[in-house]
Every structure is written in C-alpha cells, then in structure tokens.
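> Mind looking over this structure? Questions follow.
The values are calculated or read from the model by the stated rules, or taken from the named source; none is laboratory data. Computed from a predicted structure; not experimentally measured. Here Cβ is always computed from backbone atoms with ideal geometry, including for glycine, and neighbour counts include all displayed protein chains. When the accessible area is computed, the model is the full protein with side chains, heavy atoms only, and any ligands, DNA or RNA have been set aside. Shrake-Rupley method; radii C 1.70, N 1.55, O 1.52, S 1.80 Å.
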Amino acid sequence: MMTRNKSIPSHTVFSAMAATTLMCAGPASAQDEAPKPTPEQVLAEAPAHHWLPIPVNDLIIFTLPDDADGNPRQTIIQLLPGQYSGGHVRNVRKLAKARWWDDTKIYRVAKGFVTQFGGTPQSKAMPKGLETVPESEYFNSGIGAKRDADMAALKTAVDYSNEYQGTEIRPLMKIIYENFGAKVGFGAGWPVGTKSGQSYPLLCRGSLSPAHYDPPDTGSGSEISFITGEQARGLDLTFGNVGRVIEGLEHLVNLPLGDAPGGFFEDKKQHIPIQSIRLASELPVADQPRFEYLASYSPSLLQYIDASTGYGDIYGNICTVPVPIRRVTKTP
C-alpha cells in the first residue's frame, strides 16, 4: 500500500532562445497552478445534496467507563442496512435491545488486529429468538448490485465533469488497486468486494465482525471483534461483517494490549468492562446522534481520496481512506 563557445548556426541559436524562454516560463507557470486542495476543502465544497443521512435506526452507542482522567469514552457504530445484511445484524439488534452486553467485557486487544468483546451462552443467558446464521449470509447480492449501480453513476458524473466542466478527476481505479482477487467499489457508502460471484462488505479498519467458531457454526453475534488494523483484510471471505465504527474508534484502539497469545488477557481481572451498548433509536429524540455520509456516486468522493493520499500513481487498497462521514449539528 501504500504508502533532471563555439559559433553555431542561426537556426540553432533560435532554438536555444526558444528553449530558454520556455525554461524561464516554467517556474511562473508552476506558480500560477492552483495548489492541490486539502481533504477538508474537498468535503467543504462537496454539493450539499451529495451528503446523505444515516438512519438513526442503524446506529448503536457503545459506552465504556470514563478513562482515568474522567473523560467519557463513547463509540458510535453504524450497522449494515437491513437490505444489505443478514441474520447476524438482526441478532445484534436483539442483543442490544435486550441490553445483553451491559456489564460484559472486552477480553482481547491484539495490536493492529482486533479488539474483541462479548460473552458466551455459558457465561450469560442469551435473549430468546436469536437466529442460526449460515455462512452464506456473509454475502449479499443486493450490496453488490448497489455497488455496480453507484459506480456506474459515479463514472457518468466524472466523465461529464471532466469533459464539460474542465475538471481532472481521476477514476477510482487510478487511485486504488483491487486486491485479494476481488472486484471492489463503493455501494451505499460502504466499500464492497465481489469475488467468485459473491459480494460482501469489506473488513476495513473499524469494521465489526462476529466471532466464527468451527464451521458451520458462525456464532450468534454475541461475540464481536472491532477490526483495528489492515491484517483482517485477508479474512474478507471467511468472516462476516455487521457494521463499522463511525466515531470514537480511538477508544477501542488505545487500550492495554492483551498479554497472552492472540492478544487475549491472561488474567480475567484485566478484562475491560463495557458500561452499555444501546440502540440509538431508544434514546430520547433530542439525544439521538445524527450523521450523514458522502454518496458513493459523488465525484467529490474520488477527489477526497486523491487529496487524502500521496503514495504515487497507485495509492492503496479501497480501505486506505475511509468513506467520509460527518456528524450533523442539530439546530434549535
């Protein structure tokens, strides 16, 4: 990933003078070129209608006890929308609504890999009505179709802007590369891959992946890992994805590391308590957080990725720069 005095014929003199003129003009031309916009400038100039709301029904609030200095630690999670997900997401909603995770623990912190939390049926009774989720539900044809539609619309918008508005927006595949053998793109604000005809949301940094036991046991979704590094990309096809962190990932990364193999804590006294995990829709309306994301069909998305990287002509995989998401300030 990334991350040059003998006498000479008159025509030769003329050529040399022309070359000198061009050389002198070079620095002035360079100075006249507009500086490359910053990522912040790109987002500030993105059309307002290209910012789309994230339904509050898709948000979960994950709260840890205050840190040693008394600072609150709260993380906001966006679940995959129902039409692009399966039984694990439905189970997560049921677990959160039952407040099942309250007072459970983070029991694994593996540097640059995962922060894992939850419990097992042996340690805490499970809510009724949880689904048995087959591995086939890791994949979703709907999200693949949405990715293709959004990428086609993006190409049309970029081609129009470059031809008629004088822009020089580079296509997606000029600023990222396809890796792990998957066709990649953005759909509904999510990075999506397709391999061997199966489409799935990619396990980028910040994704939530339910624990997977011996096949075909994919778990209930009660034990989940926050992906905190790029190593998990190799697990795209073997683990599920139920959502992503959109605010407060630092609270799950800046934790004491597990001292046993795999990043588990040797002593259970080192486990980190979870104060609560709540559906945002259960909060009073005035307290519900509001977010919006930059549409996958917006040329500003490509300009933002381009402005955010700097590793040469090919910058990195599709997870290198997260999809822009911003908190909406509520008006009185």
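> Over all Cα pairs of region 162-252, how is the pair count split among 10 Å bins, expressed in % and running from 0 up to the last occupied bin?
Spelled out per bin, shortest first, that is 14, 39, 30, 11, 4, 1.
> For region 119-176, count the residues as N, evaluate 2.2 N^0.38 Å, and divide the Cα radius of gyration by that value, please. Could the numbers behind the result be given before it?
On the way: Rg = 21.6 Å, N = 58, 2.2 N^0.38 = 10.3 Å.
Dividing the Cα Rg of region 119-176 by 2.2 N^0.38 Å gives 2.10.
> With every protein chain present, what accessible area does GLU137 have (1.4 Å probe, heavy atoms only), rounded to the nearest 10 Å²?
Number for this one is 70 Å².
> Express the accessible area of the chain per residue in Å², computed with a 1.4 Å probe while the remaining protein chains stay in the model. Walk me through the numbers on the way to the answer.
Numbers: 17530 Å² over 332 residues.
Per-residue value: 53 Å².
> Sticking with this one: Quick one: pull the percent of accessible area on region 135-178 belonging to carbon and sulfur, 1.4 Å probe, ligands and nucleic acids left out.
Numbers: 1350 of 2570 Å².
Ligands and nucleic acids excluded, carbon and sulfur reach 52 percent.
> How big is the accessible area of VAL245 in square angstrom, nearest 10, if you roll a 1.4 angstrom probe over the protein chains?
20
> Same structure, new question: How would ASP66, ASP103, ASP150 rank on accessible area, largest to smallest, probe 1.4 Å?
On the way: ASP66 90, ASP103 115, ASP150 10 Å².
I get ASP103, ASP66, ASP150, largest accessible area first.
> Let me ask something else. Normalized C-alpha radius of gyration of region 39-146, against 2.2 N^0.38 Å? Could the numbers behind the result be given before it?
Details: Rg = 17.7 Å, N = 108, 2.2 N^0.38 = 13.0 Å.
So region 39-146 has a normalised radius of gyration of 1.36.
> List every residue whose amide H lies under 5 Å from the amide H of GLY243, counting only residues 5 or more places away in sequence or on a different chain, with H placed 1.01 Å from N in the peptide plane.
Amide H neighbours of GLY243, under 5 Å, 5+ apart: LEU80, LEU208.
> Output wanted: per-residue J couplings in Hz (rounded whole) for region 151-160, from phi through Karplus 6.51 cos²θ - 1.76 cosθ + 1.60, θ = phi - 60°, x for Gly and Pro.
Whole-Hz 3J(HN,Hα) from phi for region 151-160: 6, 5, 5, 5, 4, 4, 5, 5, 4, 5.
> Within region 91-180, how many lysine pairs that are 8 or more places apart, or on different chains, have C-alpha atoms less than 27 Å apart?
Taking the Cα cut-off of 27 Å, the pair count is 12.
> Separate question: Please list the non-local residues whose amide H lies under 5 Å from the amide H of GLY187, H modeled 1.01 Å from N, same-chain partners needing a gap of 5 or more.
The list, which skips near neighbours in sequence, is VAL192.
> Related question: Rank GLU266, GLU223 by accessible area, highest first, at a 1.4 Å probe radius? Mind dumping the intermediate values first?
On the way: GLU266 135, GLU223 20 Å².
Heavy-atom accessible area, descending, gives GLU266, GLU223.
> Assigning unit charges at the beta carbon (Lys, Arg +1; Asp, Glu -1) and nothing else, what dipole magnitude in debye, to the nearest 20, does the chain show about its Cα centre? List each step's numbers first, then the result.
On the way: 31 positive and 34 negative charges, 49 e Å.
The dipole of the chain has a size of about 240 debye.
> Counting only residues 5 or more places away or on other chains, whose amide H sits under 5 Å from the amide H of ASN317 once H atoms are built in the peptide plane?
Hits under the 5 Å cutoff: MET2, TYR177.
> Here's another thing I want to ask about it. Going by Cα centres, region 194-268 and region 38-112 are how many Å apart?
14
> Could you give each residue of region 36-43 its phi-based ³J(HN,Hα) in whole Hz, using Karplus coefficients 6.51, -1.76, 1.60 with θ = phi - 60°, and x for Gly or Pro?
Each residue of region 36-43 in turn: 5, x, 7, x, 5, 5, 4, 5 Hz.
> Provide the per-residue ³J(HN,Hα) series for region 284-289, in order, calculated from phi with Karplus coefficients 6.51, -1.76, 1.60 and θ = phi - 60°, each as a whole number of Hz, with x at glycine and proline positions.
With the stated coefficients, region 284-289 comes to x, 3, 5, 9, 6, x Hz.
> Okay, moving on. Just how much of LYS97 is accessible, in Å², when a 1.4 Å probe is used and the result is rounded to the nearest 10?
Counting only protein heavy atoms, the figure is 140 Å².
> Could you compute Rg(Cα) / (2.2 N^0.38 Å) for the chain, with N its residue count? All intermediate terms of the calculation are to be shown ahead of the outcome.
On the way: Rg = 24.6 Å, N = 332, 2.2 N^0.38 = 20.0 Å.
Relative to the rule-of-thumb radius for its length, the chain sits at 1.23.
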